[in-house]
Amino acid sequence: MSLDGTYDNGNIFAKILRGKIPAARVFEDDHVLAFMDAFPQALGHTLVIPKHSTARNLLDESPERLSPLILGVQRVARAVRAALIPDGLTVTQFNGATAGQTVFHLHVHIIPRWEGVPLARHAGGGMANPAELKALADRIAAKIS
Ligand code: 5GP
């Protein structure tokens, strides 16, 4: 999928937002939902998405929705840090299949990093254990402030 196109209401994140498929939810407010990535590149890999959006990528999004999204990203990133004490955090976002995007509902990755621990493959590694994801989500949720 290129940068151009129309929003597909059947994408995975739209289904998570509608409660049609499960996710290990971390945090939710009026604007954003955060949940664990099911194919994590590192322990604690968390995704933050706008709830009321049909933006496929960053370029599509309105300033009004982008502002609460980035504030949500910072809030969740702080909670990830407090919960898991990583050495660093990669915050990233892909636009278009050529750039590595695989789900076409705007989202931001928060990926904890530890010294000497390489990243797993993007969107192509193994599926995490749902119970372990739920436990991680609860640990991060407990640190939301
Ligand atoms: P993208 O490649 O679009 O930047 O990121 C999409 C992310 O969604 C990937 O990191 C991938 O592991 C994750 N993902 C794909 N399918 C699911 C799913 O069904 N549930 C969750 N929680 N994450 C998913």
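The values are calculated or read from the model by the stated rules, or taken from the named source; none is laboratory data. For clarity, every value in this text was computed on a predicted model and none was experimentally measured. Because the Cβ atoms are built from the backbone with ideal geometry, glycine has one as well, and the counts that use them run over all protein chains shown. Only protein heavy atoms, including side chains, enter the accessible area calculation; ligands, DNA and RNA are left aside. Shrake-Rupley method; radii C 1.70, N 1.55, O 1.52, S 1.80 Å.
Conditions (1) at pLDDT below 95; (2) within 18 Å of GLY100 (Cα to Cα), marked per residue:
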position: GLY5; (1), (2): yes, yes
position: ASN11; (1), (2): no, yes
position: ALA24; (1), (2): no, no
position: PHE27; (1), (2): no, no
position: PHE35; (1), (2): no, no
position: LYS51; (1), (2): no, no
position: GLU64; (1), (2): no, no
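How about the range 78-114: which of its residues are within 16 Å of the ligand (Cβ to nearest atom), open to solvent by less than 60 Å² (accessible area, probe 1.4 Å) and either touching a Pro at 6+ places or on another chain (Cβ under 9 Å) or under 15 Å from LEU33 (Cβ atoms) (or both)? Please lay out each step first, then the result.
So in the range 78-114, the residues within 16 Å of the ligand (Cβ to nearest atom) come out as 80, 89-113.
Add one more test, that the residue is open to solvent by less than 60 Å² (accessible area, probe 1.4 Å), and what stays is 80, 90, 92-97, 99-101, 103-112.
VAL80, THR90, VAL103, HIS105, LEU106, HIS107, VAL108, HIS109, ILE110, ILE111, PRO112, listed by residue number.
Of these, THR90, THR98, THR102, which one is among the hydroxyl-bearing types (Ser, Thr, Tyr) and in contact with a Ser or Thr (Cβ under 9 Å, 6 or more places away or on another chain)?
After applying the criteria, what remains is THR98.
Taking into account only those residues within the range 21-62 that are among the hydrophobic types (A, V, I, L, M, F, W, C) and more than 23 Å from LEU119 (Cα to Cα), which is farthest from the chain's Cα centre (by Cα)? Don't jump to the end; show me each part of the working.
So the first thing to find is which residues in the range 21-62 are among the hydrophobic types (A, V, I, L, M, F, W, C), and the list is 21, 23-24, 26-27, 32-36, 38-39, 42-43, 47-49, 55, 58-59.
From what is left, the residues that are more than 23 Å from LEU119 (Cα to Cα) are 21, 27, 32-33, 55, 58-59.
On the way: ILE21: 15, PHE27: 11, VAL32: 10, LEU33: 8, ALA55: 15, LEU58: 14, LEU59: 17 Å.
Result: LEU59.
Go through the residues of the range 56-70 one by one and say whether even a single one is more than 20 Å from SER2 (Cα to Cα) and of a type in the set (Gly, Ala, Ser).
Among the residues of the range 56-70, at least one is more than 20 Å from SER2 (Cα to Cα) and of a type in the set (Gly, Ala, Ser), which makes the answer yes.
Within the range 46-60, does at least one residue satisfy the condition of being within 8 Å of the ligand (Cβ to nearest atom) and either under 20 Å from PHE94 (Cα atoms) or of a type in the set (Ser, Thr, Tyr) (or both)?
There is at least one residue in the range 46-60 that is within 8 Å of the ligand (Cβ to nearest atom) and either under 20 Å from PHE94 (Cα atoms) or of a type in the set (Ser, Thr, Tyr) (or both).
If we keep just the residues of the range 1-53 that are among the small types (Gly, Ala, Ser), within 17 Å of LEU106 (Cα to Cα) and in contact with a helix residue (DSSP H, G or I) (Cβ under 8 Å, 6 or more places away or on another chain), which is surrounded by the fewest Cβ atoms within 10 Å (Cβ to Cβ)?
That would be SER2.
Restricted to the range 115-145, and to residues that are open to solvent by less than 30 Å² (accessible area, probe 1.4 Å) and assigned to a helix (DSSP H, G or I), which residue is farthest from the ligand (Cβ to nearest atom)?
Per the stated criteria, the residue is ILE140.
Could you please tell me which pairs satisfy a Cβ distance under 9 Å, a separation of 6+ or placement on different chains, a first residue in the range 43-56 that is over 11 Å from GLY72 (Cα atoms), and a second residue that is more than 11 Å from the ligand (Cβ to nearest atom) and of a type in the set (Gly, Ala, Ser)?
Listed by first residue and then by second, the contacts come to GLY44/ALA83; THR46/ALA77; THR46/ALA79; SER53/SER62; THR54/ALA14; ALA55/SER62; ARG56/GLY5.
LEU69 passes all but one of (1) aliphatic (A, V, I, L, M); (2) free of Cβ contacts under 8 Å to residues at least 24 places away in the same chain; (3) surrounded by 15 or more Cβ atoms within 10 Å (Cβ to Cβ); (4) out of contact with any helix residue (DSSP H, G or I) (no Cβ under 7 Å at 6 or more places or on another chain); which number fails?
Of (1) aliphatic (A, V, I, L, M); (2) free of Cβ contacts under 8 Å to residues at least 24 places away in the same chain; (3) surrounded by 15 or more Cβ atoms within 10 Å (Cβ to Cβ); (4) out of contact with any helix residue (DSSP H, G or I) (no Cβ under 7 Å at 6 or more places or on another chain), only one is false for LEU69: (2).
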